[in-house]
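Structure first, then comments.
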Amino acid sequence: MARKHGPWTIKETHRRYRNEWIEVCEDEVTKPDGRPGTYATIKLKDGVEVLALDDDGFVYLAREFRYALGREDTEAVGGTIDDGETPLEAAKRELREEMGIEAEEWAELGRAHHTTSIVDSTTTLFLAQKLRFGEKEEDSTENIKVEKIKLDEAVEMALSGRMTHATSCVLILRASNYIGR
């Protein structure tokens, strides 16, 4: 049964691939101009991104190999929201697992979406402050190097293009604005 989707009409949806993190679908559509066609979309599990900021103005970033890029990348801490978890619970878990950091103060800095023409995934952004440091709990696929840099340098990395991870850049800029720097 056809259904409207904004100015598009979806005639039929075919799931082409699915695992626990991603679903790829292809829709048979009528385009806004009335012509038939197809449109593919990717649904990713929703996630969180966390920027840990200490009392001295340093942030803690993760540097690790990213398979899709084929290289190491520097990013804020992030991950998916597990079933039954709130975004804040996921943020706390990810920060503890990936960096061994716990925080007393949390500020939600909104949401971000990336590649919105084909990807459906919401990332909730958090600033963590009043930090306590412990042991990391990385899983077997992670080999994270923690980088400690001044927030001002992280802002410069985001603005200059030295950092390319979109949600990390958005989070750093929002965090800088939030704390008034």
Connecting every pair of Cα atoms under 10 Å apart in the chain and solving the GNM, the largest mean-square fluctuation among 121, 160, 168 falls on 160
With Cα springs under 10 Å, the Gaussian network model of the chain assigns the largest mean-square fluctuation among 37, 78, 57 to 37
In a Gaussian network model of the chain with springs linking alpha carbons closer than 10 Å, the residue among 22, 42, 81 that fluctuates most is 22
The helix 166-179 Cα axis meets the longest alpha-carbon principal axis of the chain at an angle in degrees, between 0 and 90 and rounded to 10, of 50 degrees
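Given only helices, namely DSSP H runs of n ≥ 4 each adding -39500 (n - 2.57), what is the per-residue ellipticity at 222 nm of the chain, to the nearest 500 deg cm²/dmol?
Dividing the helical sum by the residues of the chain leaves -6500 deg cm²/dmol.
Would you kindly state how much longer the chain becomes between residue 177 and residue 149 on full extension, computed as 0.36 nm times their sequence separation minus their alpha carbon distance, in nm to one decimal?
Contour length minus the Cα-Cα distance gives 8.3 nm.
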Sparse-neighbourhood loop hits (GluC sites (Glu not before Pro), the range 49-120; DSSP loop; Cβ within 10 Å at most 16 others) -> 85
Among the range 142-166, those whose backbone N falls under 12 Å of a label point 7 Å along Cα→Cβ from residue 65 are 142-144
For the chain, the Cα convex hull volume per residue in Å³ comes to 150 Å³
In whole angstrom, the spacing between the Cα centers of the range 69-144 and the range 1-42 equals 30 Å
Bounding extents of the range 3-44 in its principal axis frame from Cα atoms, largest first in Å, are 35, 16, 13
For residue 45, the lysines lying under 30 Å Cα to Cα, once residues fewer than eight places off in the same chain are dropped, come out as 4, 11, 31, 92, 130, 136, 145, 148
For residue 43, the aspartates and glutamates lying under 18 Å Cα to Cα, once residues fewer than eight places off in the same chain are dropped, come out as 12, 20, 23, 26, 27, 28, 82, 83, 120
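Assuming 0.36 nm per residue, please report the length gained on full extension of the stretch residue 136 to residue 45 beyond their Cα-Cα distance. Don't skip to the answer; put the middle values down first.
Working: separation 91, 0.36 × 91 = 32.76 nm, distance 2.34 nm.
Here the segment from residue 136 to residue 45 would lengthen by 30.4 nm.
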Rounded to the nearest whole number, the per residue volume of the convex hull around the C-alpha atoms of the range 13-83 in Å³ is 166 Å³
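Quick note: the coordinates plus some simple rules give every number you see, no bench work behind them. It should be emphasised that the depicted structure is a prediction, and the values quoted were computed from it without experimental measurement. A quick note on method: Cβ atoms are made from the backbone with ideal geometry, for glycine too, and the neighbour counts reach across all protein chains shown.
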